[in-house]
Amino acid sequence: MPNSNWLLPEYIQDMLPDEAWRIEHMRASVLELLRLSGYQLVVPPLLEYAEALLVNGSHDMDLRTFKLVDQLSGRTLALRADITPQVARIDAHLLNCQGVTRLCYAGSVLHTQPAGLMRTREPLQIGAELYGHSGLESDLEVQRLMLQALTALGIFGVHLDLGHVALFRALVRRAEIGNALEAELFGVLQGKDVSALRTLVADLPQEVKNALLALPQLYGGVEVIARARATLPHYPEVLAALDELEQVAVHLQPLAHGIGIDLAELRGYHYHSGMVFAAYHAGSHDAIALGGRYDDVGKSFGRARPATGFSMDLRQLHGLLAQQAQPKGVLAPHRSDPALQEKIAQLRAQGHAVVVDLLGDPSLRHELNCDRELVLRDGAWHVAELKF
């Protein structure tokens, strides 16, 4: 029987050198943008107690999370499926700042199931979170940073979709809808199943019934906001949400290829509390970056604070970029020569990769990713074109 120990689980992949170096460069570029914007880097652990990672009783997150038993404590541990709850814990208890806190992160997360078509179960998540400010200014800052990060990575033609979970929440609360029906309504709205929606809202107050039936139709361009004002009841929460969407659309129009509004978009409903947003690109079936406001996320840690943020998967984004091989290096012979060592150090200080040919086998030179070599000429070492 052939040895299959080299096989990996489904939707788990290695990153080989070209991809790994490119993604590392992408990671550094985004983190530098965030650093210059005042965000502080944190590195939470991959493993935590399960209850710390499964905030707000999210059923979706629970299904997505790998769990195991800690042999030291006997408690259930979880491998993080999202870094956001960990950053909220750090803000709530380790930093414990009273004003605005800006944090960023980059690290692997693990999912029991892939999040989308052809997606890995081990995304490399990078993102930013802003705590301590509930105004629209912080939503705009985070969304602007997300679009700037995508541009910095060379990803253009990004379409920004906006939604607001406060609209659905306001309708549910006004009609005093129970948890079971609320969950059903959430499901059919996400699927835009209008037929099932009609059945579910049949016995609700007419005003709320009409509004819920209208939500799946309220998607498209920015003009949707005007249609929503004419269609939805003028509850203060509804009007405030529409005002926020309008202001964000105006401010971010120059940074996005297009802006869409979807008032039935409730992604992360049990997680988010206000505006939600997603970036889309023609090269991907799924959103390439996600975010939103989640003012209650810190409640699980005893300190709820206003919060908004975004995250993206660098491995997914890498697939949108034109494939590029790493720059070729300079091949150096394996020789104890002080002048050679000095030349190698000089080239490396200038940013050139120098690879020492330990085997000295000309037939294997093509494996060393070099297109130049160091040759001794007239008593000095010079860089010359490498000929195979």
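Here are some notes:
- Near-label residues of region 359-378 by backbone N, under 18 Å of a point 7 Å along Cα→Cβ of Glu342: 374-378
- Radius 9 Å from Cβ of Tyr39, net charge of other residues (Lys, Arg +1; Asp, Glu -1): +1
- Magnitude of the charge dipole for the chain, about its Cα centre and with charges confined to Cβ atoms of Lys, Arg (+1) and Asp, Glu (-1), is about 260 debye.
- Where N is the number of residues in region 35-109, Cα Rg divided by 2.2 N^0.38 Å: 1.20
- Summing charges over neighbours of Thr120, with a neighbour being any other residue whose Cβ is under 11 Å away from its Cβ, gives -1 when K and R count +1 and D and E count -1.
- Computed from the Cα positions only, the extents of the chain along the three principal axes stand at 92, 53, 51 Å, in decreasing order.
- In order through region 222-227: 3J(HN,Hα) via Karplus (6.51 cos²θ - 1.76 cosθ + 1.60), integer Hz, x for Gly, Pro: 4, 5, 4, 4, 5, 5
- Between Arg173 and Thr76, the simple spin-label model (points 7 angstrom out along Cα→Cβ) gives 3.0 nm.
- Label point of Leu213 set 7 angstrom out along Cα-Cβ; within region 155-171, no amide nitrogen lies under 16 Å from it.
- Counting 0.36 nm for each residue step from Glu32 to Ala240 and taking away their Cα separation leaves a gain of 71.4 nm.
- Pairs of alpha carbons in region 268-350 separated by more than 14 Å make up 75% of all such pairs.
- Protection proxy ranking, peptides 187-196, 345-354, average beta carbon neighbours within 10 Å, highest first: 187-196, 345-354
- Using 0.36 nm per residue and subtracting the Cα-Cα separation, the extra length available between Gln350 and Lys67 on full extension is 97.2 nm.
- A dipole drawn for the chain from +1 and -1 charges on Cβ atoms has a positive end, and of Ile12, Phe186, Val142 the residue lying farthest that way is Val142.
- If you plug the beta carbon distance of His93 and Trp21 into 1/(1 + (r/R0)^6) with R0 = 35 Å, you get a FRET efficiency near 0.45.
- The chain: angle of helix 338-349 to the longest principal axis, Cα-based, in degrees nearest 10: 20
- Label point at Trp6 placed 7 Å out along Cα→Cβ; residues across region 14-45 whose backbone nitrogen lies under 14 Å: 14
- Estimated D of region 159-280 in µm² per second, where Rh is the Kirkwood radius over Cα pairs and Stokes-Einstein applies at 10 °C, 1.306 mPa s: 110
- Positive dipole terminus of the chain, leading residue within Gly154, His93, Gly298 (C-beta point charges): His93
- Dipole of region 329-385, positive end: most advanced residue of Ala353, His334, Leu368 [Cβ charges, Cα centre]: Ala353
- Put a plus charge on the Cβ of each Lys and Arg, a minus charge on the Cβ of each Asp and Glu, and nothing anywhere else: the dipole of region 243-316 about its Cα centre is then about 380 debye.
- Computed from backbone phi, the HN-Hα couplings of region 231-248 come to 9, 7, x, 7, 6, x, 5, 5, 5, 5, 5, 5, 4, 4, 4, 5, 5, 5 Hz, rounded to whole numbers (Karplus: 6.51 cos²θ - 1.76 cosθ + 1.60, θ = phi - 60°; Gly and Pro given as x).
- Where Cα atoms sit under 25 Å apart: lysine pairs in the chain separated by 8 or more or lying on different chains: 5
- Given charges at beta-carbon only (K, R positive; D, E negative), |dipole| of region 86-227 in Debye: 140
- Ranked by how many other beta carbons lie within 10 Å on average, peptides 14-26, 132-144, 106-118 from highest: 132-144, 106-118, 14-26
- Gain on full stretching of the segment that runs from Ala304 to Leu358 - 0.36 nm per residue minus C-alpha separation: 13.6 nm
- Considering region 325-380 at the alpha-carbon level, its Rg and Dmax are found to be 11.2, 34 Å.
- Environment charge at Leu314 (Cβ cut-off 11 Å; Lys +1, Arg +1, Asp -1, Glu -1): 0
- Degrees, to the nearest 10: 136-152 long Cα axis against longest axis of the chain: 30
- Cα long-axis angle, helix 179-190 against the chain (0 to 90 degrees, to the nearest 10): 60
- For region 117-192, the set of chymotrypsin sites (Phe, Trp or Tyr not before Pro) satisfying both a DSSP loop assignment and a count of at most 13 other C-beta atoms within 10 Å is given as Phe156.
Coordinate-derived values only; no laboratory data. These figures come from a predicted structure and were not determined experimentally. All Cβ positions, glycine included, derive from the backbone under ideal geometry; neighbour counts span all protein chains shown.
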